[in-house]
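The values are calculated or read from the model by the stated rules, or taken from the named source; none is laboratory data. Note that the structure is a prediction, hence the values are computed from the model and not measured. FYI the Cβ positions are ideal-geometry reconstructions off the backbone, even for glycines, and counts take in every protein chain you see. For the accessible areas, the whole protein counts, side chains as well, though only heavy atoms, and no ligand, DNA or RNA atoms are used. Shrake-Rupley method; radii C 1.70, N 1.55, O 1.52, S 1.80 Å.
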Amino acid sequence: MIIVAAACSQYSSRPGAITFHNVAARYNAYFMAEQDMAEAEFEMKKAYKENYNQLLPILLPMDSILAQPVKPKLQDAIKKASIVAEKHQNSKWIDNSYILLGKSRLYLGQWADGLEALRYVYANGRDENDKNNALILLMRAYIEHKDYSNALGVAEYLSQQPLSKVSQRDFYLTKAYLHQQNGEYLTSVAILEETFPLLKKSTETARIHFAAAQMYDRLGQYALANRHYKSVNRNKPNYDLGFYSNMNSLQNEVVLDPKRDLTNVGFDKMLRDRKNDDLKDHVYFTMGLLAEHKKQIPEAVSYLQKAAAASKGNMQQKAYTYLQLARIEYEALENFEMSKAYYDSALAILPQEAPEYRLVADRKRALDNFVTQYTIVSVEDSLQRLAKMNPAQLDNKIDQIIEAREKKRLEEEEKARKAQIAAQNASLQQGGGNPLVAGGERRFELFDPALVNKGKIDFKRTWGNRPLEDDWRRSSRPLRTLAGNNSAGGTDSTAVAQAAPESTGLKKGTPQWDQIHAMLKKDVPLSDTAFAASQKKKEDALYNLGKIYRFDLKESNRAIAAFERVLAEYPKTQYKDEIYYLLFLSNEENAAQKESWKSKLLSEYPTSTYARLVNKTTDTGGTSGNATKEYEAMYKLYADGNYTKALEDIEKNLPSYKGSSMEDKFALLRVFLIGKVRGKEAYAQAITEFMRLYPTSIYLPRLKEMQEFNSLSMGKR
């Protein structure tokens, strides 16, 4: 028995002992560990919620939160894999067990232990294929930790090694995943094109085709994207994946052929299909994006509003719809208060862990302040125009305002009454008793954040900002409200009508009419003191608007316009030196204007704090006059549209400014030129390269924001 036991020792190199431990390890501990891992990965894959509005990751992320429900299985896999290491040292399965052990620890978030197990296989492994598999998994772990430099180093080593067919497939997928996560979509899809012949037909292959198509979309290669969207349906996709691939393919067909009408592309068929009842919101959402792409803004708003109304429990899609509506209201329609309301609605239903949440919350806070200041400017501007009229003109104008408002109110009441009757009749015909139930066409207003915000806006427009108190509709209420909607440009009618009370059947000449007329007229700054106070409010609000544009909304051109308006309308403004400095900062892409504002600041306010800041900004690092002149010459080429020549000059001369204070400035100009000459992919890579090479640059926050906004998908464009 002693001889038999010695012959079967895990430290023996005899063929019999090795065979025994190979069989014992493979079909006992390792087999059970492998089964635990397969079951855990299946459960995690099933629990993972795909967001088809975002770029799908080629490989599912290693998320320790996602692994919590299967933690017992992963711990059991670690326990079983450890048995092989402890009791079968001479087995050929020991490397596989360490790989399985490391993978389990990575899923559980135990990064240090997981990386140590994989590095052990690479350093001490007996089988070259196992060592390569450990490195592939190590590379994926680096990607999950966003350690792209180490991941690239591992990839460079693996590219020189002979790999088996399975290892080659896993390596290609992991390397494509690396470049996708790093924003290098062109490289990623090039690798995937080499990978697809190695993949079998499966739902996972369909998913990778979809990810490749999304990256082609971002590169503007819509025909190639459509080729992969069609490949999705040939690879056993689940229903949602097939639906979204068909949807995106139809979208690309419209983009490739702008003359195509949205009503005959195929969306109507998808809307009629009963299987798509819970996906109608995305169909309308896509139609809205395409209508906006075709510059059909009213149609885009209509489709997006239908998308919001059609959302049935899909709060994530509804949030994206509200975000698109907010963007259109802000950028295309300049209806800033409605834009703010849509941002409010989006934030009410957007999960805080969503990648867009922080950006949306910041923009919403900026718009809150923006709407307040914008309304002050519009209202005071309108009131000042009224104040400049003669008494007879002013009285006639106020009467016209009251008449127009009364007519509009009666029309809206009649329209609402007819709509309510129609909804009630429709509900009765369908067998429903209440048109406001959730299952009908209308929903109870308090269940819909958009309707709640719209009600708040309508209330403010009519009554202003009222404290919560009894008799809030009393006639002695404050006359002026600065929070009403004035997005149409600040007309005199809007400015005064904000203070008008609700009334029914107002007739000119009646005491009620005269009372309202007197109250509105009282709000107009007719005295010199009141007019001066109105001017001061407008000046402060314009100045604040410029700062909001510059620092919160990151819109330099609008900031410049606001600051220049302050200087034009208020030449003696108290903010003059600061405005000069802010104009100096805002003209990043116009060197001549930047220098002009700097000269004005230094000549008119040479001892001010802002003059010292300008000198510090331009003199830090001992920038030479020659470098400044050469930069201006290259910038002039850029401004004149001679992008190719400017890029050649800057790439030829950039090494000579290595270490100087202007090196990052030249590099920034190079980024813009690459975007003009070499396209979107090269532009994105140039931004990434700048951020890596100049981590302390003063331009880094701006570039980070540009990259973040470009990668942020509020819906497929």
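Among (1) open to solvent by less than 10 Å² (accessible area, probe 1.4 Å); (2) among the small types (Gly, Ala, Ser); (3) over 19 Å from Ala291 (Cα atoms), where does Ala348 come up short?
With respect to (1) open to solvent by less than 10 Å² (accessible area, probe 1.4 Å); (2) among the small types (Gly, Ala, Ser); (3) over 19 Å from Ala291 (Cα atoms), Ala348 is out only on (1).
Scan segment 331-345 and give yes if some residue there is part of a helix (DSSP H, G or I), modelled with pLDDT of 85 or more and closer than 19 Å to Asn51 by Cβ, otherwise no.
No, every residue in segment 331-345 fails to be part of a helix (DSSP H, G or I), modelled with pLDDT of 85 or more and closer than 19 Å to Asn51 by Cβ.
Can you name the number of the only condition in (1) over 35 Å from the mean Cα position of the chain (by Cα); (2) assigned to a helix (DSSP H, G or I) that Arg126 fails?
(2)
Examine segment 298-321 for a residue that is closer than 29 Å to Asn369 by Cβ and assigned to a loop (DSSP other than H, G, I, E, B), and state whether such a residue exists.
no
Give segment 356-382 a look and list any residue that's open to solvent by less than 40 Å² (accessible area, probe 1.4 Å) and hydroxyl-bearing (Ser, Thr, Tyr), or say none.
Thr375, Ser378, Ser382, listed by residue number.
Which condition number in (1) farther than 26 Å from Met44 by Cβ; (2) without any contact (Cβ under 8 Å) to a residue 40 or more places away in the chain is the one that His209 fails?
With (1) farther than 26 Å from Met44 by Cβ; (2) without any contact (Cβ under 8 Å) to a residue 40 or more places away in the chain applied to His209, the lone miss is (1).
So which residues in segment 669-690 are open to solvent by 40 Å² or more (accessible area, probe 1.4 Å) and outside any helix (DSSP H, G or I)?
Correct list: Arg678 only.
So in segment 117-130, with the set limited to residues that are open to solvent by 40 Å² or more (accessible area, probe 1.4 Å) and touching a helix residue (DSSP H, G or I) at 6+ places or on another chain (Cβ under 8 Å), which one is nearest to Val166 (Cα to Cα)?
In this case the residue turns out to be Asn129.
With the structure loaded, tell me whether Glu353 is over 30 Å from Lys536 (Cβ atoms), open to solvent by 50 Å² or more (accessible area, probe 1.4 Å) and not in a loop (DSSP other than H, G, I, E, B) or whether it fails that test.
Here the answer is no, as Glu353 does not meet what is asked.
Restricting attention to segment 289-305, does a residue exist that is within 30 Å of Phe531 (Cβ to Cβ) and surrounded by fewer than 15 Cβ atoms within 10 Å (Cβ to Cβ)?
Checking segment 289-305: not a single residue is within 30 Å of Phe531 (Cβ to Cβ) and surrounded by fewer than 15 Cβ atoms within 10 Å (Cβ to Cβ).
Which numbered condition in (1) at pLDDT 70 or above; (2) part of a helix (DSSP H, G or I) is the only one that Asn626 fails?
(1) is the only condition that Asn626 fails.
Are there any pairs with C-beta distances below 6 angstrom linking a residue in segment 67-88 that is in contact (Cβ under 8 Å) with a residue 60 or more places away in the chain to a residue that is surrounded by 15 or more Cβ atoms within 10 Å (Cβ to Cβ) and in a helix (DSSP H, G or I), with the two at least 6 apart or on different chains, and if so which?
Hits for this filter: His88/His21; His88/Ala25.
State whether one or more residues within segment 98-107 are open to solvent by 50 Å² or more (accessible area, probe 1.4 Å), within 22 Å of Val70 (Cβ to Cβ), modelled with pLDDT of 85 or more and assigned to a helix (DSSP H, G or I).
Yes: one or more hits.
Could you list all residues from segment 25-39 that are open to solvent by less than 40 Å² (accessible area, probe 1.4 Å) and over 18 Å from Ala141 (Cα atoms)?
Result: Ala25, Ala29, Tyr30, Ala33, Asp36.
Here is a list of conditions, (1) over 30 Å from Arg327 (Cα atoms); (2) modelled with pLDDT under 80; (3) open to solvent by 70 Å² or more (accessible area, probe 1.4 Å); (4) in a helix (DSSP H, G or I), and Ala426 meets all of them except one; can you say which number that is?
(3)
Got a number for residues in segment 255-280 being more than 15 Å from Gln214 (Cβ to Cβ), part of a helix (DSSP H, G or I) and not charged (D, E, K, R)?
9
How many residues are on the phi > 0 side of the Ramachandran plot and crowded, with 22+ Cβ neighbours inside 10 Å if we restrict to segment 136-151?
Summing the residues that are on the phi > 0 side of the Ramachandran plot and crowded, with 22+ Cβ neighbours inside 10 Å in segment 136-151 gives 0.
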